[in-house]
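What follows is a short report on a single structure.
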Amino acid sequence: SKLAALFEHPLYNIPIPEVTEKDKLFVINPMEKFSLHSSGSDEWVSSSKAETLLPTGKTAYDTYPTWLKFHVGINRHELYPRRDPLMPTLLRDLATQRIISSVQKSGGTQLKLIMTFPNYGQALFKPMKQTRDQETPIDFFYFSDFERHNAEIAAFHLDRILDFRRIPPVSGRLVNITKEIRDITTDKKLAKTFFISPAGNVCFYGECSYYCSTEHALCGKPDRLEGSMAALLPDKTLAKRRSWRSPWRRSYHKSKKAEWELNPNYCAQVRETPPYNRGHRLLDLIDMTVLDFLMGNMDRHHYETFEKFGNETFLLHLDNGRGFGTHSRDEPSILAPLRQCCSIKKSTYLRLQLLATQSYRLSDLLREALATDPLAPVLAEPHLRALDRRLGKVLVAVGHCLAR
């Protein structure tokens, strides 16, 4: 296993700073049982009067469902640890746990569902909209592109291979539209959009601002539909998140250009603007740029951080469905922050160099990681080969910076 060898490599064993109580997202008493607090949103609250005595030798933590252990493990430095013993179980839960509720997630340009499991865990379901070998048409603007379920799955594994660990766990899943969505939804607006197609397949389209119409309906075969299941982050009432507009955000206009596209010295003013004027925020943003260039994702308009940790924390890499749309061409403008700032973390650069070697070739590692997903093969081969080509271009860009 190349993947196992990679995670044993010294570059993947650089210790993170010591995690103190104030560095944890949640501080819990391991002897205290947690119970569900029904207040409209599913929140876990501490229960001083434990309804049942815990088995001898066990702490309350041992009885938590895997998704709650994942939430409790989040700290200032990482979303989950490198050698996370929970990860295989969490991914399996996302792929196999019984779905007891399916409702549409509000907002956004495309249809997404929130699915709930019997252990109160929840996942964000993005349905399949196009096949693995369909490329984004060359005349499509980035903001009118489809979101791809397989891009969400591949992005999680790529982010882990790069050792960023800033994307919540994602698994592929084959869902039964009839039993796992239509028959159990309490969402009246969603329920009204189901129909049987002329071919006898079960279809639905939901309500959203872009691709929610009978022309863009999602249809099963006859009622089986692929999708990505992403573990949800803690409820915002328990762990507030702050949304930040990316300084290199695109104009989202058919003809207007953003300031960074017109001003080659744009990075100089970013460096003087909080929160990029101190700490490692700018370097973290350049990490995200590298991830986006490798995936071909042009749609990174915002990113989020956990409010509790202030500016000294990692960036959450959420919403990666517009990655992996094209393999035959690369988008150099995604690398603008790296090229304009000429900065990159030394650890990131060393890992990128490692992933360009024969023994740890990036495409081989991602292919191996994705082989364990229920929907394998997740990416068409040309997308995997494109990763190696793009990685070469990132290293060339850093080379030019070093030369300067």
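The values are calculated or read from the model by the stated rules, or taken from the named source; none is laboratory data. Keep in mind the model is a prediction, meaning the values are calculated, not measured. Ideal geometry is used to build each Cβ from the backbone, glycine not excepted, and the neighbour counts take in all protein chains shown. Heads up: the accessible areas ignore ligands, DNA and RNA and are worked out on the full protein's heavy atoms, side chains in. Shrake-Rupley method; radii C 1.70, N 1.55, O 1.52, S 1.80 Å.
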inquiry  = Being at pLDDT 95 or above and among the aromatic types (Phe, Trp, Tyr): is that true of residue 34 here?
reply    = no
request  = Give the residues of the range 202-222 that are buried (at least 19 other Cβ atoms within 10 Å of the Cβ) and either in contact with a Lys or Arg (Cβ under 8 Å, 6 or more places away or on another chain) or of a type in the set (Phe, Trp, Tyr) (or both), sorted by residue number.
outcome  = 202, 204, 205, 206, 218
key: Residue among 333, 328 that alone is small (Gly, Ala, Ser) and part of a loop (DSSP other than H, G, I, E, B)   = 328
Verdict on residue 84 being touching a Leu at 6+ places or on another chain (Cβ under 7 Å), open to solvent by less than 50 Å² (accessible area, probe 1.4 Å) and either charged (D, E, K, R) or assigned to a loop (DSSP other than H, G, I, E, B) (or both) = no
ask   = Consider residue 57 against the criteria (1) at pLDDT 60 or above; (2) at positive phi: it satisfies all of them except one. Which criterion is unmet?
value = (1)
query = Which numbered condition trips up residue 79, out of (1) at pLDDT below 95; (2) surrounded by 14 or more Cβ atoms within 10 Å (Cβ to Cβ); (3) under 24 Å from residue 300 (Cβ atoms); (4) not small (Gly, Ala, Ser)?
reply = (1)
note = Of the residues in the range 175-216, those that are polar (S, T, N, Q) and free of Cβ contacts under 8 Å to residues at least 60 places away in the same chain come to 176, 178, 193, 197, 201, 213, 214
message = The conditions are (1) surrounded by 15 or more Cβ atoms within 10 Å (Cβ to Cβ); (2) at pLDDT 95 or above; (3) on the phi < 0 side of the Ramachandran plot, and residue 183 fails exactly one of them. Which is it?
response = (1)
ask   = Which of the strands (runs of 3 or more DSSP E) contained wholly in the range 91-210 include at least 1 residues that are of a type in the set (S, T, N, Q) and in contact with a Ser or Thr (Cβ under 7 Å, 6 or more places away or on another chain)?
value = 101-104, 113-116, 122-127
ask   = What residue, among those in the range 87-118 that are crowded, with 19+ Cβ neighbours inside 10 Å and touching a helix residue (DSSP H, G or I) at 6+ places or on another chain (Cβ under 6 Å), is nearest to residue 192 (Cα to Cα)?
value = 104
task = Show the residue pairs that are 6+ apart or on different chains and have beta-carbon atoms under 7 Å apart, the first residue being within the range 6-20 and aromatic (Phe, Trp, Tyr), the second being at pLDDT 95 or above.
result = 12/6; 12/163
ask   = Of the numbered conditions (1) more than 23 Å from residue 14 (Cβ to Cβ); (2) in a helix (DSSP H, G or I); (3) open to solvent by less than 30 Å² (accessible area, probe 1.4 Å), residue 339 satisfies every one except a single condition; which is it?
value = (3)
remark   = Condition set without any contact (Cβ under 8 Å) to a residue 24 or more places away in the chain and open to solvent by less than 40 Å² (accessible area, probe 1.4 Å), scope the range 364-404, selection farthest from residue 91 (Cα to Cα): answer is 399
note = Within the range 227-273, residues being open to solvent by 40 Å² or more (accessible area, probe 1.4 Å), outside any loop (DSSP other than H, G, I, E, B) and either in contact (Cβ under 8 Å) with a residue 24 or more places away in the chain or touching a Leu at 6+ places or on another chain (Cβ under 6 Å) (or both) number 6
query = Could we say that residue 359 is closer than 21 Å to residue 6 by Cα, among the small types (Gly, Ala, Ser) and open to solvent by 10 Å² or more (accessible area, probe 1.4 Å) here?
reply = yes
ask   = Restricting attention to the range 315-330, and to residues there that are of a type in the set (A, V, I, L, M, F, W, C) and open to solvent by less than 40 Å² (accessible area, probe 1.4 Å), which single residue is nearest to the chain's Cα centre (by Cα)?
value = 316
ask   = Looking only at the range 287-328, which residues are in contact with a strand residue (DSSP E or B) (Cβ under 6 Å, 6 or more places away or on another chain) and among the β-branched types (Val, Ile, Thr)?
value = 305, 313
